[in-house]
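Chemist: Here it is, the structure, as structure tokens.
The values are calculated or read from the model by the stated rules, or taken from the named source; none is laboratory data. Values in this document were obtained by computation on a predicted structure and should not be read as measured data. Using ideal geometry, Cβ is built from the backbone for each residue, glycine included, and neighbour counts are taken over all protein chains shown.
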Amino acid sequence: MKIRFKAIALVVLLLAGCVGVPEGIEPVGSFQLERYLGRWYEIARLDHSFERGLSHVSADYEMRGDGGVRVINRGFSAAESRWKEAEGKAVFVDRPDRGYLKVSFFGPFYGSYVVFELDRENYQYALVSGPDRSYLWILARTPRLAPEVIDRLVQKAKAAGFDTDGLIFVEHGEKIG
């Protein structure tokens with residue numbers, strides 16, 4: 001019984017650790033989900049196996065009937081000459097006016113989605129973290145973002161402790177299939 005409880009406690013701690021906010025990172029306030037919905041293009045990211053080698057990466061967010069958000073991530077694998085797509089769901093961790101959600105692509109397992117910089121006027125770009133500083137995305141409503149905006153977002157991420165030298169800038173050239 002004692003070992004079983006410890007195992008359950010460990011699983012809960014591990015799962016909770018995946019939906020935390022990196023120390024010193026503050027999710028944006030006055031977040032408006034309805035303005036955030038729609039298509040976002042990945043401008044840059046830190047490398048992770050689930051996106052490795054993908055170009056033309058986008059994410060689509062739309063409301064679900066249960067109040068959550070449907071997430072469709074899509075990217076092109078040149079090595080496999082095909083599109084890869086993953087569908088998930090997102091829900092707010094605490095309040096719907098705070099840019100802090102958790103996203104799941106695999107059943108009950110969630111990871112943090114922390115919007116910590118956002119074009120509050122037009123919702124045209126965002127800086128997003130995962131549960132720790134090894135996850136970082138620069139997103140925009142268009143496949144291209146002004147160089148001065150990219151520079152400002154990279155500097156903000158660097159100041160927040162992210163390894164911006166490791167950023168991969170995503171190819172969004174010629175339209176594919």
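Chemist: In segment 119-132, is there at least one residue being within 25 Å of G65 (Cα to Cα), in a loop (DSSP other than H, G, I, E, B) and touching a residue at least 60 places away in the same chain (Cβ under 8 Å)?
Modeler: Yes; the residues of segment 119-132 include at least one that is within 25 Å of G65 (Cα to Cα), in a loop (DSSP other than H, G, I, E, B) and touching a residue at least 60 places away in the same chain (Cβ under 8 Å).
Chemist: Do you know which of the residues in segment 50-66 that are among the small types (G, A, S) and without any contact (Cβ under 8 Å) to a residue 24 or more places away in the chain is nearest to Y125 (Cα to Cα)?
Modeler: In this case the residue turns out to be S58.
Chemist: Criterion first (of a type in the set (G, A, S), surrounded by 15 or more Cβ atoms within 10 Å (Cβ to Cβ) and either closer than 11 Å to F31 by Cβ or in contact with an Asp or Glu (Cβ under 6 Å, 6 or more places away or on another chain) (or both)) does G130 satisfy it?
Modeler: It is false that G130 is of a type in the set (G, A, S), surrounded by 15 or more Cβ atoms within 10 Å (Cβ to Cβ) and either closer than 11 Å to F31 by Cβ or in contact with an Asp or Glu (Cβ under 6 Å, 6 or more places away or on another chain) (or both).
Chemist: Related question: Report yes if F105 is modelled with pLDDT under 95, more than 17 Å from Y36 (Cα to Cα) and either under 13 Å from the mean Cα position of the chain (by Cα) or surrounded by 14 or more Cβ atoms within 10 Å (Cβ to Cβ) (or both), otherwise no.
Modeler: yes
Chemist: Pull out all pairs, ordered by first then second residue, where Cβ-Cβ is under 9 Å, the residues are six or more apart or on different chains, the first lies in segment 38-49 and is touching a residue at least 40 places away in the same chain (Cβ under 8 Å) and among the β-branched types (V, I, T), and the second is crowded, with 19+ Cβ neighbours inside 10 Å and in a strand (DSSP E or B).
Modeler: As it stands, the answer is I43/Y125; I43/W137; I43/I138; I43/L139; I43/A140, since those pairs meet every condition given.
Chemist: For segment 59-71, how many residues meet the condition of being more than 16 Å from the chain's Cα centre (by Cα), of a type in the set (G, A, S) and within 18 Å of G99 (Cβ to Cβ)?
Modeler: Total meeting the criteria: 1.
Chemist: Here's another thing I want to ask about it. On the given criteria, is P96 in contact with a strand residue (DSSP E or B) (Cβ under 6 Å, 6 or more places away or on another chain) and part of a loop (DSSP other than H, G, I, E, B)?
Modeler: For P96, the condition - in contact with a strand residue (DSSP E or B) (Cβ under 6 Å, 6 or more places away or on another chain) and part of a loop (DSSP other than H, G, I, E, B) - is not met.
Chemist: Another question, then. Output the number of the condition that I138 fails; it satisfies all remaining conditions of (1) among the β-branched types (V, I, T); (2) surrounded by fewer than 17 Cβ atoms within 10 Å (Cβ to Cβ); (3) touching a helix residue (DSSP H, G or I) at 6+ places or on another chain (Cβ under 7 Å).
Modeler: (2)
Chemist: Same structure, new question: In segment 1-58, how many are at pLDDT below 50 and more than 23 Å from P96 (Cα to Cα)?
Modeler: Within segment 1-58, residues that are at pLDDT below 50 and more than 23 Å from P96 (Cα to Cα) number 14.
Chemist: Of all residues being at pLDDT 95 or above and among the β-branched types (V, I, T) in segment 159-177, which is surrounded by the most Cβ atoms within 10 Å (Cβ to Cβ)? Just the residue, please.
Modeler: This residue is V170.
Chemist: Conditions: (1) loosely packed, with under 12 Cβ neighbours inside 10 Å; (2) under 12 Å from the mean Cα position of the chain (by Cα); (3) not small (G, A, S). Y41 meets all but one. Number of the miss?
Modeler: Of (1) loosely packed, with under 12 Cβ neighbours inside 10 Å; (2) under 12 Å from the mean Cα position of the chain (by Cα); (3) not small (G, A, S), only one is false for Y41: (1).
Chemist: For residues that are touching a residue at least 12 places away in the same chain (Cβ under 8 Å) and assigned to a helix (DSSP H, G or I), scanning just segment 135-163, find the one that is farthest from S49 (Cα to Cα).
Modeler: It comes out as V149.
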